[in-house]
1. Can you give the local net charge around residue 55? Use residues other than it whose beta-carbon is closer than 14 angstrom to its beta-carbon, Lys and Arg +1, Asp and Glu -1.
2. Which is farthest toward the positive dipole end of segment 16-70 among 48, 32, 61, measuring Cα position about the Cα centre, with Cβ charges +1 (Lys, Arg) and -1 (Asp, Glu)?
3. So who's got an amide H within less than 5 Å of the one on residue 66, skipping anything under 5 residues away but keeping other chains? H placed 1.01 Å off N, in plane.
4. Between residue 45 and residue 31, what is the spin-label point distance in nm, taking each point 7 Å from the Cα along the Cα→C-beta axis?
5. Place a +1 charge on the Cβ of each Lys and Arg in segment 16-70 and a -1 charge on the Cβ of each Asp and Glu, then give the dipole magnitude about the Cα centre in debye, rounded to the nearest 20.
Amino acid sequence: MSIFENFGERRVEPGARMECGICWFVYDPQNGDPVWQVAPGTPFSELPEGWTCPNCDAPPSKFMRLDDGR
Ligand SMILES: [Zn+2]
């Protein structure tokens with residue numbers, strides 16, 4: 001109903017890629033994050049505490065789910 005319904009709820013499917021709303025950096029769980037030494041296969045929701053965008057330091061809340069295909 002409300003657009004805030006999913007707010008604060010980090011429910012993203014494990015394989016979902018997430019895009020930074022600031023610099024358009026894309027976090028791909030398949031690749032992990034070499035900057036933060038995140039192992040490949042780590043879902044966005046399991047990134048370490050304090051993780052920020054390796055490109056612009058934006059917090060995870062700035063990230064948006066990237067739709068695959070279409
Ligand atoms: Zn960024």
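1. Details: positive: 62; negative: 19, 28, 33, 57.
With Lys, Arg at +1 and Asp, Glu at -1, the net is -3.
2. 61
3. Counting only residues 5 or more places away or on other chains, the set is 17, 18, 19.
4. 2.3 nm
5. Working: 4 positive and 8 negative charges, 29 e Å.
Charge dipole of segment 16-70: 140 debye, to the nearest 20.
Since every read-out is calculated from the coordinates, none of them should be taken as a lab result. Keep in mind that what you see is a predicted model, and the values were worked out from it rather than measured. All Cβ positions, glycine included, derive from the backbone under ideal geometry; neighbour counts span all protein chains shown.
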